[in-house]
Amino acid sequence: MPSIVFVLPGGAERRVTVAAGTSVMHAAVDHDVPGIVGECGGCASCATCHVWVDPAWIDRLPPADEVEDDLLGFAETERRPTSRLGCQIALADALDGLRVEVPPLP
Ligand code: FES
């Protein structure tokens, strides 16, 4: 079972372990990680699951598709080159230890 580390605004870290196939968004919501809402349930229409992927991990993820890329432009929080929608990243054993930062609200 892969684990993921959420780095919260302010620097505190939360590590959670989930079943392979779980999205980053569901990993956060199911474990009450603050700052990730998942309002649309994961259908890529709200951007409330926005995260900044640790630069050391970004190249290990499949690239964002056009829908995700467009929606990231509407995120309430600051977009960065490592921005991704948490609902579009499925955790797998190969991603064990993935680190993502939860962007602070403006
Ligand atoms: Fe809505 Fe990811 S949960 S876009």
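The values are calculated or read from the model by the stated rules, or taken from the named source; none is laboratory data. What you see is a predicted model, and the numbers here were worked out from it, not measured in a lab. Heads up, the Cβs are rebuilt from the backbone with ideal geometry, glycines too, and the neighbour counts pull from every protein chain shown. For the accessible areas, the whole protein counts, side chains as well, though only heavy atoms, and no ligand, DNA or RNA atoms are used. Shrake-Rupley method; radii C 1.70, N 1.55, O 1.52, S 1.80 Å.
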Could you calculate, for the chain, the ratio of the Cα radius of gyration to the Kirkwood radius, expressed as Rg to Rh?
0.91
Before I look further, what does the chain give for accessible area per residue, probe 1.4 Å, in whole square angstrom?
53 Å²
Taking protein heavy atoms only, a 1.4 Å probe, and rounding to whole percent, the accessible area of the chain owed to carbon and sulfur comes out at 52 percent
Let me spell out the model: positive unit charges on the Cβ of Lys and Arg, negative unit charges on the Cβ of Asp and Glu, origin at the Cα centre of the chain. What dipole size does that give, in debye rounded to 20?
280 debye
What length, rounded to one decimal in nm, is gained on full extension from E13 through to M1, with 0.36 nm per residue of separation minus their alpha-carbon distance?
2.4 nm
Once both labels are modelled 7 Å past Cα along the beta-carbon direction, what's the R79-C43 spacing in nm?
2.3 nm
